[in-house]
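The values are calculated or read from the model by the stated rules, or taken from the named source; none is laboratory data. Every value quoted in this text rests on a predicted model; they were computed, and no experiment measured them. Neighbour counts run over all protein chains shown; Cβ positions are idealised from the backbone, glycine included. SASA here: full protein model, heavy atoms, side chains in, ligands and nucleic acids out. Shrake-Rupley method; radii C 1.70, N 1.55, O 1.52, S 1.80 Å.
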Amino acid sequence: MNKIFEDLSFVKIGTWEISSDNLIEYKPISGKENNYLVKNSLYMFTCRESEDILYVGKTTQSLKKRLYGYSRGNGVNTNNRIHINIKEKLQSKEPVDIYGFNDTTALNWGKYNINLAAGLEDSIIAVEKPIWNGNNSESYVIEKEADEQNVEQKGRDLLEENTFAYLLGNTYYNHGFVNIPISLSHLLGDHSEGIIVHLERNNIQIDSTINRTANPNGSVRLTTGIAHFRDYFQEHYNLGDYVKISVEGQHRIIIH
C-alpha cells in the first residue's frame, strides 16, 4: 500500500468504470456511499497497479456532485481534461481507483478554523507531483480557467470557418491519432479514401486515409501516417495543449 494512504488516513472509496453510454462513471465501494455525501473533501485518483497518484483534488461541495463533472466532462476545462485522462486509462485496461479524505479534524488558530483539506492538497501536489495536476491545485486551476473564460471564448470566436481546436490527451499525444469532430466530418471524403495532411510548422505533406468506422458516431479518424502526426505533436506541443486543425477540402486538412 502506498504509504501516503496509511499516513494521512486516505480510504479507498470507489473505482472509475466505462459507462454504458461510453462515458465514465464512478462506482462506490459497498459501505462507503456516505463518503460521497460529505462536503469539504480531499480526494485522489490512483493507478491501481502501480499505486501512483494521478490526480489530487479538493471540493467544498459533496464529492458526489464534484465527480459528476468528471463523468460528463462538462463545464470548465479541468472536467474535460480529467475526463479524457481517466477514460484513456480505462480503455487501456488500467483501473483507476478513488481515495477519499474527509476533513473532520477540528483545527483552529485562535478563533479561525484551518481548512486541512485545502492545505493538504497543495502539500501533496508539491511533494508527490501527480501527473494530471501539473504544478497546481485544482482550486487554482479552476479559478484561473474562470478568469480566462471570456478570453478563451473570444479566441474560439476568432477561429476560422471549418477549424477546430484539438486537445492533445495522452493517447493523441503519444500515438498520433487524429479525429475530426462530427460537425466537420461531413466536409471530408468517403471511407477509405485518401487525404493529404499538411503539417504547417514543418511545411510537409503526409498521405493519410479517411476512416469512418473507427469512431462509434461515424466521425472521421485518420488511420495512416499517425507516426508522423505523433512526432509533429511531440516536436511542437506539450501534453494537454490544444492544436488548431483546419479542413481545407474533401481530401486535405492542415495541422497548424
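Show the residues, 5+ positions off or on another chain, whose built amide H is closer than 5 Å to the amide H of Val243.
Here the answer is Tyr166, Leu167, Leu168, since their amide H atoms fall under 5 Å of that of Val243.
Classify segment 183-224 as rounded, prolate or oblate, taking a ≥ b ≥ c as the square roots of the eigenvalues of its Cα gyration tensor: rounded when a/c is under 1.5, otherwise prolate if a/b is larger than b/c and oblate if not. Provide the component values of the computation, followed by the final result.
On the way: a/c = 2.35, a/b = 1.95, b/c = 1.20.
Prolate.
When the accessible area of segment 170-256 is computed with all protein chains present and a 1.4 Å probe, what percentage of it is carbon and sulfur? Don't jump to the answer; show the numbers that get you there.
Working: 1990 of 4310 Å².
In segment 170-256, the share of accessible area belonging to carbon and sulfur is 46 percent.
Past 24 Å, Cα to Cα, is the threshold; run Lys27/Lys129; Lys58/Lys93; Lys64/Lys87; Lys65/Lys89 against it and keep the listed order.
From the list (Lys27/Lys129; Lys58/Lys93; Lys64/Lys87; Lys65/Lys89), the Cα-Cα distance tops 24 Å for Lys27/Lys129; Lys58/Lys93.
Using modelled amide H (1.01 Å from N, peptide plane; none on Pro or chain starts), what sits under 5 Å from the amide H of Ile13, excluding residues fewer than 5 places away?
HN-HN under 5 Å from Ile13: Ile98, Tyr99, Gly100.
Residue farthest toward the positive end of the dipole of segment 1-73, with Cβ of Lys/Arg at +1 and Asp/Glu at -1: which of Thr46, Asn34, Thr15?
Of Thr46, Asn34, Thr15, it is Asn34.
Summing +1 for each Lys or Arg and -1 for each Asp or Glu, what net charge is found among the other residues whose Cβ lies under 10 Å from the Cβ of Gly100?
Summing Lys/Arg as +1 and Asp/Glu as -1 gives +2.
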